[in-house]
Structure formats: C-alpha cells, structure tokens
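Below is one structure, written out as structure tokens; comments come after it.
The values are calculated or read from the model by the stated rules, or taken from the named source; none is laboratory data. These numbers come from a predicted model, not from an experiment. Virtual Cβ from ideal backbone geometry, glycine too; neighbours counted across all protein chains shown. Surface areas here come from the heavy atoms of the whole protein model, side chains and all, with no ligands, DNA or RNA. Shrake-Rupley method; radii C 1.70, N 1.55, O 1.52, S 1.80 Å.
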Amino acid sequence: MNNIACALILLALLAACTRTNDSDQSEEQENDSAVVTLTPSQFKLSGVAVETMPYYTFTGSLNVNGQLKTEPQDRAEVSAPMGANVKRILVTEGQRVSRGQVLALLSHADLIDMQRRLVQAKEKLVYLGEEYERQKTLYSHKVNAGKDYQQVASEYRAMQAEVRTTARQLQLLGISPQAAVRGQLVTEIAVRSPIDGTVEHVAAALGQYADPTAKLFSIVNNNRLYADVLVYERDLGKLRVGQKAKVTIGDTRLAGRVKSIGGILDDSSKAVHARIAIDGNKSGLVAGMYVRASIVTITRKSPAVPDDGIATDESRSFVFIYKPGKGKKTFVPRVVKTGRKENGMTEILSGLSQGELVVVQGAYTLMSEWKKHEVGEE
C-alpha cells in the first residue's frame with residue numbers, strides 16, 4: 001500500500017509541474033507576441049526616440065497666498081520739521097524722488113526769531129566770556145568775593161548752552177548757524193524726502209499751517225518689495241528658511257526664497273506670516289498686490305519619462321521598451337505605475353528597471369501599431 005501511495009503522490013507532482021510549465025510557456029508566448037516591430041525606414045519616419053531610462057528631480061511644493069509689502073524703512077510719512085505755513089509744493093503724486101530731495105518749502109515768523117535769538121546769544125556770550133575771564137583773574141588774586149565769580153561763571157555756562165541749543169535747532173531745520181550769525185537770515189525751510197522712492201500721497205496744500213504732527217507727504221520705495229504670505233498650522237512643519245519659491249503677481253512670475261517665518265499663530269486663521277524675498281525686476285509692482293507663491297518643500301530624484309513617452313489605454317499606462325537587435329527595431333509594451341507630473345516629465349513608480357532602453361518620444365505611434373496587430377490589421 002505504501003508503494004502505491006508514493007506512486008500516486010509522484011504522479012500528482014509531475015502533473016502539477018507539467019501544468020506550471022505549460023502556463024509559463026503560454027505566458028512567455030503571450031509576451032513574445034506583445035511586441036511592435038519597425039523596419040529601419042519605418043523607424044526613421046516614425047519620430048520614435050529611445051534613451052536609457054532617464055531620471056528627473058521632482059519637487060514637492062506648498063501653495064500659499066498673501067500680498068506684497070514694503071520693508072518698514074522703505075515707507076516714510078513726511079511732516080514739517082516745525083510749525084510753519086506751506087509756501088511751495090515741488091512734487092506731485094507718482095513722482096520719483098531721491099533721498100534729500102526738496103518736497104516743499106515752508107515759512108514762518110518764528111524762523112526769523114530763532115535766528116535772531118542765536119545772534120543775540122552769540123553776542124551776549126562774547127561779553128560774558130570776557131567778564132568771566134576778568135572775574136576769574138580777580139578771584140584768583142582774591143580781589144573780589146567768590147560769589148561774583150560763581151554768578152558770572154553760571155551765566156556764562158548757561159549762555160553757552162543757549163547758543164549750542166539754538167544752533168542745533170537751526171541745523172535740524174536745514175539752516176546754517178554760521179550764516180545766521182553773519183546776518184544771512186533764511187525765511188524758508190525745506191521739507192525733504194528721507195528715502196528714495198515714489199510720492200504716494202500729497203496731503204500738503206498751499207498756505208496751510210503745517211503742524212509737525214500732521215502728515216504732508218507719503219513716500220514709498222517698491223524696489224525691495226517682499227511677499228507676506230499665510231502658512232497654515234498643518235503646513236508649518238514643511239517650511240524652512242531658505243527654501244526656494246515661485247511668486248506670481250498677476251501676469252508677472254518671479255523667483256524668491258523664504259526669508260523668515262513668523263513666531264505667532266493667529267487664533268482666528270490658525271496661520272503664521274512668512275516672508276518671501278523676491279528676486280528680479282519689480283517695476284510695475286506696488287505694495288498691497290495679491291500674491292500667489294509655490295514654495296519648494298522637498299526634492300526627490302526618481303525614474304521618469306517624458307509625457308510623449310507614455311501611452312494610456314483605458315486605465316493603464318504603457319512605456320515601450322526597446323530591445324536591441326539586428327535588422328528590425330523591436331519594442332515591447334510595459335505596464336507602468338505613474339506618479340507626479342512636472343515640467344513635461346511623468347514619474348514612474350514601478351514597471352521599469354535601471355539601465356533599460358525606453359521610448360521617450362512617439363509612444364502613441366507605437367501604441368497604434370500595436371493595436372493594429374492585436375485586431376489583425378496589416
């Protein structure tokens with residue numbers, strides 16, 4: 001009985017092996033039949049191109065929105081250096097101005113009075129200086145009481161302070177103290193731009209009294225605009241200072257990089273502000289414009305094929321493998337799993353091996369030939 005049982009088991013195993021071999025042979029025959037062949041002349045006219053399996057560096061990105069802003073030092077609200085009346089306005093809105101350029105001229109009676117006080121203080125200082133030296137000499141020889149010397153010394157130091165203070169006030173107004181002492185009195189003072197930029201708004205009016213707390217001009221410099229974007233809480237872990245970004249403002253596209261990331265999460269929006277420094281020419285851009293930015297968060301080098309090297313059939317994607325040989329050109333379709341698409345390249349997640357020769361152009365031409373053979377067309 002044991003011999004019979006062993007014999008039956010051996011027969012079963014042989015039958016299974018025979019079925020497996022038959023299946024393998026059938027599959028191999030099917031694979032051999034799933035090919036496209038082109039003659040050299042057909043290949044030349046087909047536009048098909050072949051390369052060793054290429055690689056492409058794909059990038060992950062984070063899309064954010066925001067607006068253009070200026071640096072704090074690139075925006076200036078200009079007021080009068082002292083209370084005075086507007087005599088002349090020398091700029092208009094939209095005009096480019098340079099740092100130090102005169103925007104308006106102001107005039108007031110206090111200007112003359114301030115210069116007069118300096119002249120009088122200088123004259124009195126000369127007299128007190130001489131008196132101070134005289135009293136100092138007398139005191140050193142014990143001719144007079146120390147009280148007289150101390151009083152003159154106090155008045156002399158007070159007048160020195162008066163001269164320095166008044167001279168400094170005139171300098172801040174752009175008036176030369178030396179010229180005032182020489183009698184060259186100034187009746188108008190200039191309001192100057194503190195920065196290079198564009199006149200955004202003119203609030204001054206001829207004849208108005210310009211209070212030092214009132215804004216006369218708004219100047220903005222758009223040469224260093226940056227994108228202020230919102231990054232939501234769920235995406236903060238992807239963001240790093242220095243990451244590259246592509247910034248879109250209307251029809252303008254510029255490169256940039258993440259310069260800083262805010263440290264406070266807004267309770268209502270659950271987002272933080274991030275600053276993107278923008279490279280390139282910013283002419284035509286102004287603060288407040290809406291911004292869209294794509295920040296590069298990761299990079300990954302993967303097998304990839306140009307879009308023209310992939311053919312789709314229903315839900316499947318095919319890449320054709322070139323099999324070198326003599327005479328006709330042979331191409332074998334291969335089902336692949338695709339991933340991301342970027343700049344005309346499609347990521348291949350599976351289905352290809354390193355070093356294989358793949359079609360990178362003309363996949364649909366080969367697909368058409370393959371389908372003709374499948375339906376029996378010549």
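What the Cα atoms of region 157-288 give is an Rg and a Dmax of 23.9, 71 Å.
Please work out how many pairs of lysine residues in region 50-170 are eight or more positions apart (or on different chains) and have Cα atoms closer than 27 angstrom. Lysine pair count for region 50-170: 6. For region 125-205, compute Rh as the Kirkwood radius over C-alpha pairs and then the Stokes-Einstein diffusion coefficient at 10 °C and 1.306 mPa s; write the answer in µm²/s, rounded to an integer. After rounding, the answer is 97 µm²/s. Rolling a 1.4 Å probe over the heavy atoms of the protein chains gives the chain an accessible area of 60 Å² per residue.
On a 0 to 90° scale, report how tilted helix 146-172 is relative to the longest principal axis of the chain, with both axes built from alpha carbons and the result rounded to the nearest 10. Approximately 40 degrees, to the nearest 10. Volume of the convex hull of region 268-364 (Cα atoms only), normalised per residue: 223 Å³.
Between the residues 139, 360, 199, the greatest Cα displacement towards the positive end of the dipole of the chain, with unit charges on the Cβ of Lys, Arg, Asp and Glu, is found for 139. Could you run the Debye sum over the Cα atoms of region 229-296, one equal point scatterer each and no solvent, and tell me log10 of I(q)/I(0) at q = 0.16, 0.25 Å⁻¹, two decimals? Here log10 of I(q) over I(0) equals -0.55, -1.14.
Secondary-structure-derived ellipticity at 222 nm for the chain, considering helices only, amounts to -10500 deg cm²/dmol, per-run term -39500 (n - 2.57) for DSSP H runs with n ≥ 4.
Listed by chain and number, the lysines placed with their C-alpha closer than 24 angstrom to that of residue 44 are 323, 326, 328, 329, 371, 372; residues fewer than eight positions away on the same chain are left out. Counting only Cα atoms, the size of the chain along its three principal axes is 151, 57, 44 Å, in decreasing order.
Can you tell me the 0 to 90 degree angle between the C-alpha axis of helix 2-33 and the longest principal axis of the chain, rounded to 10? Compared with the principal axis, the helix lies near 60 degrees. In the calculated pair-distance distribution of region 184-250, the portion above 20 angstrom amounts to 59 percent of the Cα-Cα pairs. Placing unit charges on the Cβ atoms of the charged side chains and taking the dipole of the chain about its Cα centre, the candidate lying farthest along the positive direction among 102, 186, 312 is 186.
Rounded to the nearest 20, the Cβ-based charge dipole of the chain about its Cα centre (Lys and Arg +1, Asp and Glu -1) stands at 1780 debye. To put it simply, the accessible area of the chain at a 1.4 Å probe is 51 percent carbon and sulfur. Computed from the Cα positions only, the extents of region 62-113 along the three principal axes stand at 63, 20, 16 Å, in decreasing order.
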